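Coordinate-derived values only; no laboratory data. These figures come from a predicted structure and were not determined experimentally. Neighbour counts run over all protein chains shown; Cβ positions are idealised from the backbone, glycine included.
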Amino acid sequence: MLYFEIVGEITEVETIAVGNAIRELNILRRDYGAGRWRKLKGIAQVQLADGRMCRAEIHWYEAHGIGRKRFKIKRFLS
């Protein structure tokens, strides 16, 4: 598993899926509660566990009143 921290703002945010279009919807509801879940993607500067800084495309889930959950790096950008 790749551990990282987001440094600064997430830009170019786009919605990928909403509601039943999210494959992990049952898991999100079980772990965090019911809400209008959305899967999003964006670009952010990240600091990896070894201290390196790089730009990456990240994906995450969020719901109103619950917040952003389960960030993951999808790919590194040059």
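Pairs please, first residue from the stretch 54-69 and surrounded by 13 or more Cβ atoms within 10 Å (Cβ to Cβ), second anywhere and hydroxyl-bearing (Ser, Thr, Tyr) and part of a strand (DSSP E or B), Cβ atoms under 6 Å, 6+ apart in sequence or on different chains.
Hits for this filter: Lys69/Tyr61.
Considering only residues that are touching a Phe, Trp or Tyr at 6+ places or on another chain (Cβ under 8 Å), part of a strand (DSSP E or B) and in contact (Cβ under 8 Å) with a residue 24 or more places away in the chain, which ones fall in the stretch 9-23?
Answer for the stretch 9-23, where residues must be touching a Phe, Trp or Tyr at 6+ places or on another chain (Cβ under 8 Å), part of a strand (DSSP E or B) and in contact (Cβ under 8 Å) with a residue 24 or more places away in the chain: there is none.
Out of the stretch 7-38, which residues are under 15 Å from the mean Cα position of the chain (by Cα) and of a type in the set (Lys, Arg)?
Residues satisfying the conditions are Arg23, Arg38.
Does the stretch 39-61 hold any residues that are over 12 Å from Glu14 (Cα atoms) and either part of a strand (DSSP E or B) or under 12 Å from the mean Cα position of the chain (by Cα) (or both), and which are they? Break it down into steps so the answer makes sense when it comes.
Taking the stretch 39-61 as the starting set, the residues that turn out to be over 12 Å from Glu14 (Cα atoms) are 44-56.
Listed by number, the residues that qualify are Ala44, Gln45, Val46, Gln47, Leu48, Met53, Cys54, Arg55, Ala56.
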